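Read the figures in this text as sums done on the coordinates, not as results from a lab. Keep in mind the model is a prediction, meaning the values are calculated, not measured.
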Amino acid sequence: MNTLYGSVEVRLAANNHGIRSVVDKTKPGALISAVEEELLSAEATSQPSATSDETSEILAPPMPNPVPDVAVTGTPVVQGKAGEEPTGTATPSAFKTE
């Protein structure tokens with residue numbers, strides 16, 4: 001608990017409510033130190049043993065092969081010659097009538 005009011009009474013009440021430490025806001029760096037201490041103590045107590053089954057690798061379920069959501073219509077038809085400027089409007093070859 002990070003507080004301006006770090007009295008003995010506040011510390012006792014915090015302890016009664018499950019708060020592990022009370023950090024005074026007026027002390028620079030005290031909160032960072034308290035967090036580091038808490039993380040280090042939590043790490044030390046939560047390390048599973050090497051023989052535990054909990055250390056086995058967790059794998060994600062396999063992903064199905066993606067299906068394209070566009071129709072494949074074959075090789076596109078290129079009209080015109082290299083270097084020519086396009087004219088008119090583009091008409092797909094499927095709609096051309098020759």
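Amide H to amide H, with H built 1.01 Å from N, Asn2 comes under 5 Å of Val23, counting only residues 5 or more places away or on other chains. What the phi angles of region 21-26 give under the Karplus curve with 6.51, -1.76 and 1.60, with θ = phi - 60°, is a coupling list of 8, 10, 10, 7, 5, 7 Hz, glycine and proline written as x.
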